[in-house]
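Okay, so here's the structure we're looking at.
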Amino acid sequence: MVREVEVVVIGAGQAGLAAAYHLRRFYEPGTGFAVLDHAPHAGGAWQFRWPTLTFKTVNGVYQLPGMPVPEPDESLPVAGVISDYFAAYEREFDLRVERPVSVRSVRSLPDKRLEVATDRGTWIAKALVNATGTWERPFWPRYTGQDRFGGRQLHTAQYRGPWEFEGERVAVVGGGISAIQHLLEIHPYAAATTWATRRPPQWREGEFNPDRGREAVAMVEERVRKGLRPQSVISVTGVPQTPEIRAAREAGVLDRLPMFDRIESEGLRWDDGRFVPVDVILWATGFRASLDHLAPLKLRGPGGGIVMDGTRVAADPRVHLVGYGPSASTIGANRAGRAAVREIRELLESGVSAGRR
């Protein structure tokens, strides 16, 4: 089956739905644009979050354009509430998301249109909004001896709650918000916890105001403009010291060790002789952008990243990446969706939808 539309949106998380909302103002869903989503249900990556990630502990949820986020009890898991909110949003604005659809490749056709090949047929489009996020590409660092470790290893993407670590010695690896949340949850259940990071955490004092936010986004944006791999926004903003985090630091729960040098069958070893026995290694080491399906377009540069001009791929004005680099946050995703649609409209109206620059 081959279907032709003006624009294809790949991914129905925050960024994809924001783009679809703005497309809906100009095009009919299903004929003017199509939204393809790999996930089984509405909710983007939120639907896969662990049950103990509640509205009290979540780093932030930002409303989609045109529809406020419900205000549930703080103790409710985020996954269910946000999934329901996304589903209601899709219905409210008649976005007609096609799911589950796995995009296999995106290629350029001789007539300069784009072929989006999937497990449920092919879509032909003049422009593409890629909003595939990072959840499906968890990053696992490699360390000497890792394959000989006798305990259990898992990634944040596989984390389901602290009770599964009861009575175990747990090492949490990573310096981001997820690692800290895992430590705070697991510590009361575990026999012992160890925290290892490549760099000392940057604790942020004071309010995270709009000026700080703009500065952080600008730093990430500068990297993608140069074609470097994007950093996370948290890596340049620092970790906010909430009352809970401050109390955990004072109690020694967040005493951090430098990264170990190798993994042995029963634990972690440093070159200075330090050894920490552990039963579980939890890799809270983040994710990478899920862009393998774009490989036929040859968008990556020598730095491993993609040179960007706002949301647009600098080398190919037909392709926009939203939820990538500086827009990889809920508020940034909304702005990126709007910006991408504005530029795509200008491109299509100018009649230059054909081809790469």
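What the table below lists for this structure:
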quantity	calculated
The one condition in (1) touching a Leu at 6+ places or on another chain (Cβ under 6 Å); (2) outside the structural domain of Ile186 (by TED's automatic domain parsing) that Ala248 fails to fulfil	(2)
Enumeration of residues in segment 138-152 that are farther than 26 Å from Ser290 by Cβ and of a type in the set (D, E, K, R)	Arg148
The lone exception for Leu183 - which of (1) under 23 Å from Ala79 (Cα atoms); (2) assigned to a helix (DSSP H, G or I); (3) modelled with pLDDT under 95 it fails	(3)
Enumerated strands (runs of 3 or more DSSP E) restricted to segment 119-177, each holding at least 3 residues that are closer than 30 Å to Arg107 by Cα, in contact (Cβ under 8 Å) with a residue 40 or more places away in the chain and hydrophobic (A, V, I, L, M, F, W, C)	121-125, 127-130
Residue list for segment 81-107, filter: of a type in the set (Gly, Ala, Ser) and either within 18 Å of the chain's Cα centre (by Cα) or closer than 27 Å to Val319 by Cα (or both)	Ser83, Ala87, Ser102, Ser105
Boolean, Val276 is within 20 Å of the chain's Cα centre (by Cα) and either in a strand (DSSP E or B) or of a type outside the set (A, V, I, L, M) (or both)	no
Subset of segment 304-357 that is at pLDDT 90 or above and acidic (Asp, Glu) - its residue that is farthest from Leu291 (Cα to Cα)	Glu349
Meets criteria (among the acidic types (Asp, Glu), more than 22 Å from Ser290 (Cα to Cα) and surrounded by 15 or more Cβ atoms within 10 Å (Cβ to Cβ)) for Glu115	no
Long-range neighbours under 7 Å by Cβ, at least six apart or interchain, first residue in the same structural domain as Glu28 (by TED's automatic domain parsing) and closer than 12 Å to Asp37 by Cα within segment 84-97, second of a type in the set (D, E, K, R) and outside any helix (DSSP H, G or I)	Val97/Asp37
Sole residue being touching a residue at least 24 places away in the same chain (Cβ under 8 Å), assigned to a loop (DSSP other than H, G, I, E, B), in contact with a helix residue (DSSP H, G or I) (Cβ under 7 Å, 6 or more places away or on another chain) and assigned by TED's automatic domain parsing to the domain that holds Asp119, chosen from Ala79, Ala15, Ala39	Ala39
Test: Ala248 is over 16 Å from the mean Cα position of the chain (by Cα), modelled with pLDDT of 90 or more and small (Gly, Ala, Ser)	yes
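Rundown of residues vs (1) among the polar types (S, T, N, Q); (2) in contact with a helix residue (DSSP H, G or I) (Cβ under 7 Å, 6 or more places away or on another chain), yes/no style:
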| site | (1), (2) |
| --- | --- |
| Leu23 | no, yes |
| Glu28 | no, no |
| Thr52 | yes, yes |
| Lys56 | no, no |
| Leu64 | no, yes |
| Met67 | no, yes |
| Pro72 | no, yes |
| Asp84 | no, no |
| Glu98 | no, no |
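The values are calculated or read from the model by the stated rules, or taken from the named source; none is laboratory data. Every value quoted in this text rests on a predicted model; they were computed, and no experiment measured them. Note that we place each Cβ from the backbone using ideal geometry, even for glycine, and neighbour counts take in every protein chain shown.
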